[in-house]
1. Between a first residue in the stretch 62-79 that is on the phi > 0 side of the Ramachandran plot and a second residue that is modelled with pLDDT of 95 or more and crowded, with 18+ Cβ neighbours inside 10 Å, which pairs have beta carbons less than 9 Å apart while being 6 or more apart in sequence or on different chains?
2. Would you point out the residue of the stretch 43-62, among those that are within 11 Å of the chain's Cα centre (by Cα) and buried (at least 20 other Cβ atoms within 10 Å of the Cβ), that is farthest from residue 118 (Cα to Cα)?
3. I'm told residue 32 meets every condition in (1) farther than 14 Å from residue 77 by Cβ; (2) among the acidic types (Asp, Glu); (3) in a loop (DSSP other than H, G, I, E, B) except one. Can you identify the failing condition by its number?
4. If you check every pair at least six apart or on different chains, which have Cβ atoms under 7 Å apart with a residue in the stretch 104-125 that is over 23 Å from residue 56 (Cβ atoms) and assigned to a strand (DSSP E or B) first and a residue that is modelled with pLDDT under 90 and among the β-branched types (Val, Ile, Thr) second?
5. Scan the stretch 1-29 residue by residue and report those that are part of a loop (DSSP other than H, G, I, E, B) and acidic (Asp, Glu).
6. Residue by residue through the stretch 49-63, note down the ones that are in a helix (DSSP H, G or I) and among the hydrophobic types (A, V, I, L, M, F, W, C).
7. Is the stretch 1-16 home to any residue that is small (Gly, Ala, Ser), under 20 Å from residue 112 (Cα atoms), at pLDDT 95 or above and surrounded by fewer than 18 Cβ atoms within 10 Å (Cβ to Cβ)?
8. Regarding residue 46, is this residue over 23 Å from residue 110 (Cβ atoms) and in a helix (DSSP H, G or I)?
Amino acid sequence: QFEKNALDKTLLGIKKAKDDNCWPIIVYAHWDREYEDQPMKTTRKIAHSFIDAGADLIIGTHPHVIQPEEKYNGKIIFYSLGNFVFDQYFQPKTMQGLAVQSIIVPEQRKIIYEKRYVQMETSGQTIEK
């Protein structure tokens, strides 16, 4: 996020991993504006470029609120998982998180997703399947 040419370096890394037959290629991005319910157009464009370069799954964080997911060219982009463990109890949307279990099925080159919405509690909690 703060490094010069970070986007170009990330795209090159994705392409190299794809050329080296790595699978799955998962990008974990720290991006976008805090407390915004929707990703910026720039963030969507960057996410699409990651998929176009060869990424198989993108998981985003930083906004502290859940943002929508998108299916792009058959791949899933989770723009923001919201908060999972953080002391932001000042509004309901910062007390919500999205837990995503990604089940990788190599023989089918497929990723299966299971989502669970989590309401943060000030006293802590566990998530059970």
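The values are calculated or read from the model by the stated rules, or taken from the named source; none is laboratory data. Everything numeric here is computed off the predicted structure, so don't read it as measured data. Reconstructed Cβ throughout: ideal geometry from the backbone, glycine too, with neighbour counts over all protein chains shown.
1. Filtered contacts from the stretch 62-79: 73/51; 74/51.
2. Checked the stretch 43-62; the qualifying residue farthest from residue 118 (Cα to Cα) is 47.
3. (1)
4. From residues that are over 23 Å from residue 56 (Cβ atoms) and assigned to a strand (DSSP E or B), the pairs are 118/127.
5. Once the filter is applied, which keeps residues that are part of a loop (DSSP other than H, G, I, E, B) and acidic (Asp, Glu), the stretch 1-29 yields 3, 20.
6. 50, 51, 53
7. Looking for residues that are small (Gly, Ala, Ser), under 20 Å from residue 112 (Cα atoms), at pLDDT 95 or above and surrounded by fewer than 18 Cβ atoms within 10 Å (Cβ to Cβ), one finds none in the stretch 1-16, hence no.
8. Against the criterion (over 23 Å from residue 110 (Cβ atoms) and in a helix (DSSP H, G or I)), residue 46 qualifies.
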